[in-house]
Amino acid sequence: MARRNDHSPEQLRALTLTTVTAFLEQQPAADLSLRQAAKLVGYSAGTLINLFGSYSYLLLALNGHTMDEMSGDLSAAMDQASTAKDKLRAMAEQYLAFAQQHPHRWRLVFEHRLAEGETLPDWQQQRIDRLLALVEECMLPLYPDASTTEIQLKIRTVWASVHGIVHLTLEDKLFATPAISGKALIDDLLTRYLPA
């Protein structure tokens, strides 16, 4: 194992996130443990606990890394579209594409639960808020007269619906013959749900 002072805390954090992200590109989080993460990085499990606070917070940091990448991809997709509807469609399709390209990382974002007594850090809540703000940016022009409560309901309805489609697509649980793509379902959802 490398000595504790081989890397600064910032370098070790970056090394850990990069190394474990590469692992999750190939294998699910269920195949990962604190000891395995430490072995991959070349440090002791105790060093990683000291750095992240717990294995749960290490996974949360990985999720933050994934959410930053996802937010960047969704924003880039939105930038390619001109209307609010097209931006929302581009974002939803990119969300599906991200999940298909990085299924283990995407699943970890939604499957990871903090241990009892652990609280969600502000930096993670800010990432969640940033993703929902992207949806809100697209939805507000479509519903200019909606109240705050109504727009929040619409944002979460679209988010939950697209997320469900993506999840069922990844799990191959659409049970449709002939097969229906997640992209087709997203298109149908947005066509029917959004105002004309």
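What follows draws every value from the coordinates through simple rules; no lab data is involved. Small disclaimer: the values here were computed from a predicted structure and weren't measured. Please note: Cβ atoms are built from the backbone with ideal geometry, for glycine as well, and neighbour counts cover all protein chains shown.
Things to note:
- In sequence order, the stretch 47-64 has phi-based couplings of 5, 5, 5, 4, 6, 9, x, 5, 5, 4, 6, 4, 5, 5, 5, 4, 4, x Hz under the Karplus curve 6.51 cos²θ - 1.76 cosθ + 1.60, θ = phi - 60°, and Gly or Pro positions carry x.
- Three-way shape call for the stretch 1-53 based on the alpha-carbon gyration tensor, with the a/c threshold at 1.5: prolate
- Shape of the stretch 112-196, Cα gyration tensor, a/c cut at 1.5: oblate
- For the chain, a simple Cβ point-charge model (Lys and Arg +1, Asp and Glu -1, everything else neutral) yields a dipole of about 420 debye relative to the Cα centre.
- Relative contact order (%) - the stretch 62-193, alpha-carbon pairs under 8 angstrom, separation at least six: 28
- Mean residue ellipticity (222 nm) of the chain, computed from DSSP H runs ≥ 4 via -39,500 (n - 2.57), nearest 500: -23500 deg cm²/dmol
- The stretch 12-21 - phi-based ³J(HN,Hα) in whole Hz, Karplus 6.51/-1.76/1.60, Gly and Pro as x: 5, 4, 4, 4, 5, 4, 5, 5, 6, 4
- Loop-resident trypsin sites (Lys or Arg not before Pro) (DSSP state other than H, G, I, E or B) in the stretch 90-196 with no more than 11 further Cβ atoms inside 10 Å of their Cβ: Arg113, Lys173.
- Relative contact order (%) - criterion: Cα under 8 Å, at least six apart; region: the stretch 1-53: 48
- Between the stretch 151-196 and the stretch 46-82, the C-alpha centres lie 24 angstrom from each other.
- Three principal axis extents describe the C-alpha atoms of the chain; from largest down they are 62, 40, 34 Å.
- Once exposed loop GluC sites (Glu not before Pro) are cut out (DSSP; at most 16 other Cβ, 10 Å), longest piece of the chain: 1-115
- Exposure proxy order (Cβ contacts within 10 Å, fewest to most) of Thr47, Thr191, Thr19, Thr149: Thr149, Thr191, Thr19, Thr47
- Filter on Lys85/Lys173; Lys154/Lys183; Lys87/Lys183 - keep pairs with C-alpha separation over 18 Å: Lys85/Lys173; Lys154/Lys183
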